[in-house]
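Comments concern the structure below.
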Amino acid sequence: MDALFDAFRDESFRSSYVLFAFAVMVLPMAALAWWYHTNIRKTPGGRALMQRQNAAPRHLASGVQMAGEISRGKYGDAAKRMQTRVSWIVALWVAALIVVFGLLIWADEVNRAAPGA
């Protein structure tokens, strides 16, 4: 573990790791958004959902309402499966962010408290 903390003391490694962490933060969600919008329009229920989304005001209450409608199956089984899949992917993404950024924060704290750091 000390070798990992020593690696974070190196500015080039730390900078590369921070870039990696931001890539983990941004790229999966960009890919997920592309995948979702490409595939949701392939079903009649998905097209109806996208029309509803485009017509709805952009606030949390309308998003929560649409999520409930999807869960109840209003837009079909394909949209419901996609919502479940997206939820799992986002949960795994959040876990990955906790690990990636948590390691960075932990290493910074250990190195800050270490004598001679």
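Annotations
- Selection from segment 100-117 of residues that are of a type in the set (A, V, I, L, M, F, W, C) and loosely packed, with under 12 Cβ neighbours inside 10 Å: ILE105, ALA113
- Only listed residue being under 16 Å from the mean Cα position of the chain (by Cα) and surrounded by 15 or more Cβ atoms within 10 Å (Cβ to Cβ), chosen from MET29, MET25, MET66, MET82: MET82
- In segment 1-56, the residues that are outside any helix (DSSP H, G or I) and among the basic types (Lys, Arg): ARG41, LYS42
- Residue list for segment 15-33, restricted to those being touching a residue at least 40 places away in the same chain (Cβ under 8 Å) and under 13 Å from VAL100 (Cα atoms): TYR17, VAL18, PHE20, ALA21, VAL24, MET25
- Subset of segment 83-95 (residues that are touching a residue at least 24 places away in the same chain (Cβ under 8 Å) and of a type outside the set (Val, Ile, Thr)): TRP93
- Cross-chain or 6+ apart pairs with Cβ under 9 Å, segment 96-117 first and within 17 Å of MET25 (Cβ to Cβ) and β-branched (Val, Ile, Thr), then part of a helix (DSSP H, G or I) and at pLDDT 90 or above: VAL100/TYR17; VAL100/PHE20; VAL100/ALA21; VAL100/VAL24; VAL100/MET25
- The condition of being in contact with a helix residue (DSSP H, G or I) (Cβ under 7 Å, 6 or more places away or on another chain), surrounded by fewer than 12 Cβ atoms within 10 Å (Cβ to Cβ) and over 30 Å from PHE8 (Cα atoms) holds for only one of GLY73, GLY46, that being GLY73.
- Those residues of segment 67-111 which are touching a Gly at 6+ places or on another chain (Cβ under 6 Å) and in a helix (DSSP H, G or I), in sequence order: ALA79, LYS80
The values are calculated or read from the model by the stated rules, or taken from the named source; none is laboratory data. Source: prediction; values computed, not measured. In this analysis, Cβ positions are derived from the backbone assuming ideal geometry, glycine residues included, and neighbour counts consider all displayed protein chains.
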